[in-house]
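The next block holds one structure in the form of structure tokens; read it before the comments.
The values are calculated or read from the model by the stated rules, or taken from the named source; none is laboratory data. Bear in mind that the values here come from a model prediction, so they are computed numbers and not experimental data. Note that each Cβ is placed from the backbone with ideal geometry, even for glycine, and that neighbours are counted across all protein chains shown. Accessible surface areas use protein heavy atoms only, side chains included; no ligands, DNA or RNA. Shrake-Rupley method; radii C 1.70, N 1.55, O 1.52, S 1.80 Å.
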Amino acid sequence: MQRLANKVKKKYPILLSTGAVISLLANIPLVIANPAPFYESRNDHYRTGANLNETILNTSNVNYSEFGLLFSLPVDNPIVTQTLYAPGVSVKNVLHNVVYISTTGGSVYAYDADQSGPPLWVDHFAAATPGVKWSIESTPVIDPATNTLYVVARDTSLITREFKLHALDLSTGAEKFNGPAVLSGTYTANGHTLNFSNLSGSQNLKSHAGLALANGQVIICFSTSNEGPGISYNGWVLSYNAATLQPTAAFASIISPPAVGGGIWQAGRAPVVDDNGYIYLFVGNTYNPINYKAAANGYDGTGNFSESLLKLDSKLNLIDWFTPGAWANLDNNDMDLSSSGPTLIEGTGLLTGAGKDGNLYVWNTNNLGHYNATDAQVVQKMPAPNNNQRVMNGVVFWRRTTEQGGSLLFNVYNNSPIFSLVFNNPKLNPTPVSSSSVSEAINSGKHNSVALSANGGNPGTGIIWELQNNAITNASVLRAMDAENLGNELWNSSTYLSDNLQGGTTYIPPTVSNGKVYAPTLDSQLVVYGLKSQLFSVTQLANQTAALNSGVSLQINASAGGDTLAYAATGLPAGLKINPKSGLISGSPTAIGNYLIVVTVTDSNTNRQVTMKFSWTILRGIIKS
């Protein structure tokens, strides 16, 4: 446990100094967690979709007796972005594990991740621009080094039709770096020039793909949600300096007419960023805006890159690309590659991914191979098990040693079970290790997404979480399956009414950290599942300072699912006392010194107890805030 915490601390040094919430877990040791942070789309910059630092949930305790719905966090509008999670954030001098939720109403919410209650803070972007309606449709990205959340909002009103990049303080939600910045950009190739500022007035241009960070740059991609005759747009990538919010580069995936399109939406996945800062993304289909038929120059290898995998540097220079031999057929049938996004297989220099045609590829990042009519330039090409099976979300990758059974790739097609494949570097074994229930996949449509939680590669810890939306009834279900045997469903939210997931869902997967599963919905709420014993928690306080003989009022916050709680404290400075019913510490300290305070909270219904410690320094004179 400590080695794991140290490993995470080295990767994210700013936000992981202290676990924010102490939870009492029935029949297992008290866990003071350094939870796994989720600072970006699909968990990490490789877009693996896997949390391999989950030490609480496992295949033994995710069952109907111990696991279920804990609470919901309301927001103002539907959620179409992934929930981000930052541990140990100080908000008003109290440490919290925080979930950040962005909505199609142009709002960002910061909630305590471990208990129900009011938001820690909310930013409603419309409040700063009266009469303008904003929408957030791309997953933000967090820079833990500066405690900053970057988010793009789209103006959906009839006034300006702008996109703005906001940089928000994680603790307060305040704008940083003189933000927000109105997005703009210019790109020239093949004798043609495009201006993003002119195109952004189109109501069809949207930022769907998640934001990414690469070498100090915020990477923002654009596509559309509406194609057809008379509708013209171009896929864009913009780069902004993360420290100044100044534009640094622009790239358009399609620039030479008559072809338009080439959107980069990736079912909400952010582009892959490798350890050297190179960016990898999928480009969608192109068409002729006059008749909405495939354009002959959708791919030309110089300025137009329909249906392609692109490799860019952080200055958005095109370094390499792959274009399938069937790109024109894909364009003709709206079978765009960008219905999903790539995943980098850590430590191998290999990418994998698939699109609407269902072909699962493996590529060498050092030689993507450009265009080849037979696709012979790729490391591997694996057709879908059946015709007309589309990948609409992307793969999940579980890195394991050979001794642990080898690494597994999980892939799901529309109206299909989830399949797991063994990765034998450099290729995938096409014979599935296991698959989920066929009957449960019926009518799952394209709005299903998967995520993985595990404690490293340890057996008995891997769980595949599927957020499934029925294409006919629009009812949603959260499912948990044994990642080593997908046919073993551990739990689902539809079995008991108390666990039901209300409202539809979209391509976005759940976020899993610190024993909880966060499911975003179109019903304007984030639904939180976890071990039922986790309902008993106390919020960790930061160390305190007070002046001698000054008035003190400090609230201890605890929750036990509505049970009656009793509070006690030892080590309090003379003159202070704790209210045993409310948990309020009050009074005036009468002696200077450094004190170690131990607060004990008892659940009067179950006699369970949880403790929390902090220090209190009493000084002479006035304490400046």
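Among the residues of region 65-79 satisfying the criterion of being part of a loop (DSSP other than H, G, I, E, B) and modelled with pLDDT of 95 or more, which is nearest to Lys613 (Cα to Cα)? Per the criteria, the residue is Val75. The set of residues in region 287-315 that are touching a helix residue (DSSP H, G or I) at 6+ places or on another chain (Cβ under 6 Å) and either farther than 21 Å from Pro383 by Cα or open to solvent by 10 Å² or more (accessible area, probe 1.4 Å) (or both) comprises Ala294, Gly298, Tyr299. Condition check for Ser476 on (1) small (Gly, Ala, Ser); (2) closer than 29 Å to His208 by Cα; (3) modelled with pLDDT under 95; (4) open to solvent by 20 Å² or more (accessible area, probe 1.4 Å): one failure, at (4). When you check Lys133 against the structure, is it closer than 16 Å to Ser107 by Cα, open to solvent by less than 50 Å² (accessible area, probe 1.4 Å) and of a type outside the set (Ser, Thr, Tyr), yes or no? For Lys133, the condition - closer than 16 Å to Ser107 by Cα, open to solvent by less than 50 Å² (accessible area, probe 1.4 Å) and of a type outside the set (Ser, Thr, Tyr) - is not met. Looking for something among the aromatic types (Phe, Trp, Tyr) and assigned to a loop (DSSP other than H, G, I, E, B) - is there at least one such residue anywhere in region 300-314? Within region 300-314 (the criterion being among the aromatic types (Phe, Trp, Tyr) and assigned to a loop (DSSP other than H, G, I, E, B)), the answer is no, since none of the residues qualifies. For the residues Ser537, Ser533, Ser559, Ser604, the requirement of being within 27 Å of Val62 (Cα to Cα), in contact with a helix residue (DSSP H, G or I) (Cβ under 8 Å, 6 or more places away or on another chain) and touching a residue at least 40 places away in the same chain (Cβ under 8 Å) singles out Ser559.
Output yes when any residue across region 198-205 is modelled with pLDDT of 90 or more, open to solvent by 40 Å² or more (accessible area, probe 1.4 Å), within 30 Å of Ser256 (Cβ to Cβ) and outside any loop (DSSP other than H, G, I, E, B), and no when none is. The answer is no; no qualifying residue exists.
Each row is one residue, and each column tells you yes or no for (1) in contact with a strand residue (DSSP E or B) (Cβ under 6 Å, 6 or more places away or on another chain); (2) of a type in the set (S, T, N, Q); (3) outside any strand (DSSP E or B).
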site	(1), (2), (3)
Gln377	no, yes, yes
Ala384	no, no, yes
Asn387	no, yes, yes
Phe397	yes, no, no
Gly405	no, no, yes
Leu409	yes, no, no
Phe419	yes, no, no
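When Val433 is tested against (1) open to solvent by less than 10 Å² (accessible area, probe 1.4 Å); (2) modelled with pLDDT of 95 or more, just one condition goes unmet, and that condition is (1). Number of residues in region 316-344 that are touching a strand residue (DSSP E or B) at 6+ places or on another chain (Cβ under 8 Å), part of a helix (DSSP H, G or I) and open to solvent by 50 Å² or more (accessible area, probe 1.4 Å) equals 1. The lone criterion from (1) open to solvent by 20 Å² or more (accessible area, probe 1.4 Å); (2) in contact with a Phe, Trp or Tyr (Cβ under 8 Å, 6 or more places away or on another chain); (3) more than 27 Å from Asp482 (Cβ to Cβ) left unmet by Leu70 is number (3). Checking the structure you have, find out if any residue of region 138-152 is free of Cβ contacts under 8 Å to residues at least 24 places away in the same chain and either among the charged types (D, E, K, R) or out of contact with any Gly (no Cβ under 7 Å at 6 or more places or on another chain) (or both). Among the residues of region 138-152, not one is free of Cβ contacts under 8 Å to residues at least 24 places away in the same chain and either among the charged types (D, E, K, R) or out of contact with any Gly (no Cβ under 7 Å at 6 or more places or on another chain) (or both), which makes the answer no.
Is one or more of the residues making up region 230-241 at pLDDT 95 or above and open to solvent by 10 Å² or more (accessible area, probe 1.4 Å)? Yes, the conditions are met somewhere in region 230-241.
Restricting attention to region 540-554, the residues that are open to solvent by 40 Å² or more (accessible area, probe 1.4 Å) and more than 27 Å from Ile56 (Cβ to Cβ) add up to 5. For the residues Thr148, Thr172, Thr188, the requirement of being under 23 Å from the mean Cα position of the chain (by Cα) and open to solvent by 60 Å² or more (accessible area, probe 1.4 Å) singles out Thr172. Contact map, region 463-479: first residue in contact (Cβ under 8 Å) with a residue 12 or more places away in the chain and more than 17 Å from Asp499 (Cα to Cα), second residue open to solvent by 20 Å² or more (accessible area, probe 1.4 Å) and among the charged types (D, E, K, R), Cβ cut-off under 9 Å, separation 6 or more or different chains; pairs are Ile463/Asp482; Ile464/Asp482; Ala471/Lys446.
Cβ-Cβ distances below 6 Å connect the following pairs, each with a first residue in region 487-511 that is within 30 Å of Ile136 (Cα to Cα), a second residue that is among the charged types (D, E, K, R), and a separation of six or more residues or different chains: Asn492/Arg479; Ser493/Asp499; Gln502/Asp523; Gly503/Asp523.
Scanning region 246-266 for residues that are crowded, with 22+ Cβ neighbours inside 10 Å and more than 24 Å from Ile319 (Cβ to Cβ) returns a single hit, Val260. For Lys381, the conditions (1) over 26 Å from Ser513 (Cβ atoms); (2) touching a helix residue (DSSP H, G or I) at 6+ places or on another chain (Cβ under 8 Å); (3) without any contact (Cβ under 8 Å) to a residue 60 or more places away in the chain all hold with the exception of (2).
If I filter region 81-108 down to residues being modelled with pLDDT under 95 and outside any strand (DSSP E or B), which single residue comes out as surrounded by the fewest Cβ atoms within 10 Å (Cβ to Cβ)? Per the criteria, the residue is Lys92.
Within region 449-467, is even one residue under 22 Å from Arg390 (Cα atoms), among the hydrophobic types (A, V, I, L, M, F, W, C), modelled with pLDDT of 95 or more and over 18 Å from the mean Cα position of the chain (by Cα)? Taking every residue of region 449-467 in turn, none turns out to be under 22 Å from Arg390 (Cα atoms), among the hydrophobic types (A, V, I, L, M, F, W, C), modelled with pLDDT of 95 or more and over 18 Å from the mean Cα position of the chain (by Cα).
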